[in-house]
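In what follows, a single structure is set out as structure tokens and then discussed.
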């Protein structure tokens, strides 16, 4: 369309009133001129005017036809429809409020979940050209593995497909001394080119540069995040140049990252970044003073490359793989034996898009989030159907009005639009409220996902979220409004005017109720499957008793404990903890089970020869004296570790059942050697890395025989009874008595650790239950509403029946059988839908078939019970009708 | 109104704009005048229905071929006058040349086929 034309049309829209007045006057003057001309030819005045009018026809019609040319008639009619809809809705505030709240909940929940999906999976990082960023994903025997610093440098310097490649570590907590006070913050080590590769500019000062990476230990600089700047320094620009102390090294703050940048690991927002070259100074504890920069076998870095213009991900991947294979082959050649070579060669490399950042969150949360999306989607659909049935009821009550409008010539299309306008107003209101509600729900969800850990996710609604909400609101409009609109316009004019009952009405209601029951059942079945999964995981035999165990670490490293002193400290700790009142037993473990960590290694077992292709790895752990007693893990043969197992005494080990069975079959494992240590005990199997795993083969070594004990060991304290955390003050006291310089860090309970490991299952079980219950309540309200109006309509009939001698129970059963009919149909459809749908959730279930009969039965019974109660209330009212009153009211 | 019974020729589709533009090319005119003029000049053969005339004038306003202004009619009545714009003049030239080409072609077909 020509611009001038568009402008003229637009300006006309705002001068519609003027236009109509002009047009009317123009036609009047036309008539007058015509009449005058006729008079001149001798026609009488009256006749002339009449003839002119006949000639012109209906002036209003002519005006409307002229108006049509401007193309605003439809828009104008729409405005009228909306105004009318608002008026109608204002007349029934109770209905409108209920409808708005229902939709706000449905749309809000959808918007909230979508915001999270957007933040976790869809949104690109606010960096230059995020689409060109790719992650180097290394896999070792199918498991994701990080890169060592030398490997990263190798790629950075040799791969030609990239315009730059950055590396970063996992963000960890550090304690710094700033302005005389100690504080804890999250910091990440990044390559000097980190900010250049991302294409970021400092919000203040300047960011790290390539040179900050060159010489180890030469760049004691830190870049802080915008949020840390705001929180700690109130955005004061004088922060640039401030110094702080970290592990005896003085660092200088040189710059602040942009406000919208939250790092490249979704979920984390590191307060600070240091150059990798400062690794030895920053990570004193972790590395034991040794820099990891030279370590070939320490895989601690994540690498992201920026593709060169014109190079595709596939091309870059092909090049990187060739480079990687060369290097892997060179590494393999240095290994002593076949097995070592095979292990090295089991590494592969691929490139993955990294526009949204590294994928750790995607991997962890995408599946439960997508399931939640489906769940809240169904809840919204149910809410729409629910409202739809209410609107059909209102449409029926308005059938007289509708009939009148049809009788006076309103088009059916116009009537459909009128009803859609009503649902549009509701959906619009629901959408706006929903966005507001989502702003409240998102932080709750994030807190749930964080589970007490550091978890930062920017979820402000962006264009994509708003577009999503707009689309589902429009969908809601149609879903809510179409059924009543079509139903109302099917009404016949005459019966409507005569206030007679129309047929077909009951069927619409029944279909809508059946649909609600079916959807509720599907949601309830999903929820009970997730709840049963959670119960299965919680009650399974994990090989230890999780209740009543306090877990904590101490910062022995900072207090200067190393080597033998550290080992003695650990022995003293356990002895002293044992003596605390109400403590049954205390011990320690290096890699805490179910905490996300793991430790495995090759094992040589006396009298056992591996097949060529057999995996020689077993899970390993290092535990203190009386560990199995403390954990409640039964010792099947032999003994627990105890104070006899010292560095000077013979090296010993304890293995679990699975290990013994695999390596020794029916023979006794006691007295045999594993990696040179003699096996002194066989214990019951227990879970190590996850509750879902089959029991792994585990070898335990005594902590007190370790030549180089670790400072990050976990102390375990089993209490006699009650809450383990209640013992914390007493334990703190013990630690202070041993050495006032020691502090307890990250105290928790074993139960919490186990719960954390099944976070997704807990989120799914709780949220799916909440939404399923909401759905059930909604559909019960639906049943209640429909049955109430059913009873109200038939009051007269029931009155007659009572007058003719019908018994109360007959009428009660009559109404209830109506409910039972839709209930059976809905449950049947819901069951069929569930059988075919729940399969997709198989991966999230545990020890449970997706068609678990118990879950299905519980859901169906719960729903049926609720539906019958909802139907019973109106049925009872029907049974209590007074025939005299009923007939008199007629 | 004797003319009602006389045989009347519908204005060929698409030519109404051209006729209106042509009438207006001689000066401003109101809607009634335009209809009268077409009828007079065509010796009563062509008659414009008001039902087509006014919507057509609206479309021409949208296209920007004509402008409207209120003025005083011959017998001192307020009337809305339509005027050609430069774009309307261009459009008239375009329509005329197209019409002539078409007429010429049709005439040839009728005479020679």
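Report the FRET efficiency, 1/(1 + (r/R0)^6), for residue A:321 and residue A:143, where r is their Cβ-Cβ distance and R0 is 22 Å, rounded to 0.05. Provide the component values of the computation, followed by the final result.
Working: r = 18 Å, r/R0 = 0.82.
After rounding, the FRET efficiency stands at 0.75.
Shielding by partners for B:47-55, please: the mean number of other protein chain Cβ atoms within 10 Å of each residue's Cβ.
Details: counts 0, 0, 4, 9, 7, 2, 3, 11, 8.
Mean number of neighbouring Cβ atoms from other chains: 5.
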Q) Sorting A:127, A:824 on the 10 Å Cβ count, fewest up front, what's the list? A) A:824, A:127
Q. Once both labels are modelled 7 Å past Cα along the beta-carbon direction, what's the residue A:181-residue A:218 spacing in nm?
A. 3.7
Q) Which of the peptides A:773-784, A:539-550, A:106-117 is most tightly packed, and how do the rest follow, judged by the mean count of other Cβ atoms within 10 Å per residue? A) A:106-117, A:773-784, A:539-550
Q) Alpha carbon centre of segment A:667-744 versus segment A:1-74: separation in Å? A) 96
Q: Counting other beta carbons within 10 Å of each Cβ, put A:631, A:209 in order, fewest first.
A: A:209, A:631
Q.
Once each part is reduced to its C-alpha centroid, what is the distance from segment A:845-877 to segment A:398-420 in angstrom?
A. 40
Q. Can you work out the base-10 log of I(q)/I(0) for segment A:251-349 at q = 0.12, 0.23, 0.24 1/Å, using the Debye formula on its C-alpha atoms alone?
A. -0.68, -1.20, -1.22
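Got the relative contact order for chain A handy, in percent, Cα pairs under 8 Å and 6 or more residues apart?
On the way: 1474 pairs, mean separation 121.9, N = 890.
For chain A, the relative contact order is 14 percent.
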Q: Please average, across the residues of A:58-71, the number of beta carbons from any other chain that are within 10 Å of each residue's own beta carbon, and give a whole number.
A: 3
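What FRET efficiency, computed as 1/(1 + (r/R0)^6) with R0 = 30 Å and r the Cβ-Cβ distance, is obtained for residue A:352 and residue A:206, rounded to the nearest 0.05?
Numbers: r = 31 Å, r/R0 = 1.02.
For R0 = 30 Å, the calculated efficiency reads 0.45.
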Q) Over chain B, what relative contact order in percent results from Cα pairs under 8 Å that are six or more residues apart? A) 26
Q | chain B: most fluctuating residue of B:72, B:91, B:39 per GNM, C-alpha cutoff 10 Å | A | B:72
**Q.** Antiparallel DSSP beta bridges within the protein assembly as shown, percent to nearest 5
**A.** 80
Q: Determine the relative contact order of segment A:226-349: mean sequence separation of Cα pairs under 8 Å and six or more apart, normalised by residue count, in whole percent.
A: 13
Q | Neighbour-count ranking [beta-carbon atoms within 10 angstrom, fewest first] of A:70, A:170 | A | A:170, A:70
Q. For the pair residue A:3 and residue A:58, how long in nm is the line joining their label points, each one 7 Å along Cα→Cβ?
A. 4.1
Q) Along the principal axes of its C-alpha atoms, what lengths does segment A:729-787 span, in descending order and rounded to whole Å? A) 73, 20, 13
Q: On a C-alpha basis, how far is the centre of segment A:188-213 from the centre of segment B:67-105 in Å? Whole number, if you could?
A: 70
Q: Would you mind computing, in nm to one decimal, how far apart the modelled labels at residue B:15 and residue A:474 are, each placed 7 Å from Cα along Cα→Cβ?
A: 4.6
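Can you work out the FRET efficiency for the pair residue A:558 and residue A:154, with r the C-beta to C-beta distance and R0 = 35 Å, to the nearest 0.05?
Values: r = 35 Å, r/R0 = 1.00.
Working from the Cβ atoms, E equals 0.50.
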Q) Can you pull the mean other chain C-beta count within 10 Å for peptide B:56-69? A) 3
(Q) Quick check of the Kirkwood formula: for the protein assembly as shown, what is the inverse mean of 1/r over all pairs of different Cα atoms, in Å? (A) 36.7
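No value in this document is a laboratory result; all are computed from the given coordinates. Fair warning: this is a prediction, and the values are worked out from it, not measured in the lab. All Cβ positions, glycine included, derive from the backbone under ideal geometry; neighbour counts span all protein chains shown.
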